[in-house]
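Q: Below is the structure I would like to discuss, written out as structure tokens.
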2 protein chains.
Amino acid sequence: MRYFEDIAVGDRFTGGPLTVEAAEIVAYAEKFDPQPFHLDAEAAKDTLFRGLAASGWHTAGMTMRMIVGSNAELAGGYVGMGVDQIGWPRPTRPGDVLRIEMEVLEARRSVKRPHQGVLRVKTTTFNQNDEVVQTMIANLLAPGRPT
Amino acid sequence: MRYFEDIAVGDRFTGGPLTVEAAEIVAYAEKFDPQPFHLDAEAAKDTLFRGLAASGWHTAGMTMRMIVGSNAELAGGYVGMGVDQIGWPRPTRPGDVLRIEMEVLEARRSVKRPHQGVLRVKTTTFNQNDEVVQTMIANLLAPGRPT
């Protein structure tokens, strides 16, 4: 378990793997992003995705799942203060096997709450071909070690 | 149905409402964000959320659902090129009734693909008390009108 004091800029962590099932892509889309390219492989062929693709928000959710299971093991869990950037340079496809790499870009102690800090973390999500399917920079709350 | 040419900076659209069920908060968390404050109302009391709260990624997914159902009615659907910012100024809670307001911040025609454009859109998600639960700025692909 890592507290704010245990983390340094440049620290790297990893998470995954997570296999993407076609049925999960469709189930997510039905609930949160019901558009043809996320719902139906046949209909998706005639769209710019040229085949079934996961909603970017589904890829973000799967990335969060891998962050929670990662070897960063942050004390207090993973509480996002906000996100500075997300990009989806290529679609997540049925059968993809995803993994993440996390890198601590900044670590600053809170001025108002000096017993905690904020970590600016870049999380990159890769498929089984080491192609990037998502980039993200997020700010995570990191509790300080109890005194 | 609106093409790129039909949209101007300053245009506003709305979506929702969407009611947040406790069971949905837990179901989302079990799949994508299994942390105590999203999984269990009792365990959540002793966390900084002081009660069950939806994962921020669940709020983002519900926001996407309301964008797809909004009165923006973009031709070609809602394809995100990327997100410039997401913030969660307060938690989404069981029983909340969410709605969104969208505002077009920028509209620029693609240089490489002049038959389409990119819209920079601010989407704010409110609860039933008009309190902001999510802010987001995203870039959406907008096809031009067929000639």
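The values are calculated or read from the model by the stated rules, or taken from the named source; none is laboratory data. Computed from a predicted structure; not experimentally measured. All Cβ positions, glycine included, derive from the backbone under ideal geometry; neighbour counts span all protein chains shown. Calculation scope for accessible area: heavy atoms of the full protein, side chains included, ligands and nucleic acids excluded. Shrake-Rupley method; radii C 1.70, N 1.55, O 1.52, S 1.80 Å.
Q: Have a look at A:Pro89, A:Pro146 and point out the one that is modelled with pLDDT under 95 and either assigned to a loop (DSSP other than H, G, I, E, B) or hydroxyl-bearing (Ser, Thr, Tyr) (or both).
A: On inspection, the qualifying residue turns out to be A:Pro146.
Q: Going residue by residue through the range A:22-45, is there one that turns out to be modelled with pLDDT of 95 or more, more than 12 Å from chain B (Cβ to nearest Cβ) and surrounded by 22 or more Cβ atoms within 10 Å (Cβ to Cβ)?
A: Checked against the condition, which is being modelled with pLDDT of 95 or more, more than 12 Å from chain B (Cβ to nearest Cβ) and surrounded by 22 or more Cβ atoms within 10 Å (Cβ to Cβ), the range A:22-45 yields at least one hit.
Q: Could you look through the range A:94-128, keep only residues that are modelled with pLDDT of 95 or more, touching a strand residue (DSSP E or B) at 6+ places or on another chain (Cβ under 9 Å) and in a loop (DSSP other than H, G, I, E, B), and pick out the one that is surrounded by the most Cβ atoms within 10 Å (Cβ to Cβ)?
A: Ranking the qualifying residues of the range A:94-128, first place goes to A:Asp96.
Q: Give the range B:1-21 a look and list any residue that's among the β-branched types (Val, Ile, Thr), closer than 16 Å to B:Met66 by Cα and open to solvent by less than 70 Å² (accessible area, probe 1.4 Å), or say none.
A: Selection gives B:Val20 alone.
Q: Another question, if that's okay. Consider A:Arg50 carefully, then state whether it is exposed (fewer than 13 other Cβ atoms within 10 Å of the Cβ) and either of a type outside the set (Val, Ile, Thr) or more than 10 Å from chain B (Cβ to nearest Cβ) (or both).
A: yes
Q: So which residues in the range A:73-86 are small (Gly, Ala, Ser) and open to solvent by 10 Å² or more (accessible area, probe 1.4 Å), if there are any at all?
A: A:Gly76, A:Gly77, A:Gly80 - these are the residues of the range A:73-86 that are small (Gly, Ala, Ser) and open to solvent by 10 Å² or more (accessible area, probe 1.4 Å).
Q: State whether the residues of the range A:64-72 include one that is facing chain B (nearest Cβ under 9 Å), in a loop (DSSP other than H, G, I, E, B) and buried (at least 19 other Cβ atoms within 10 Å of the Cβ).
A: no
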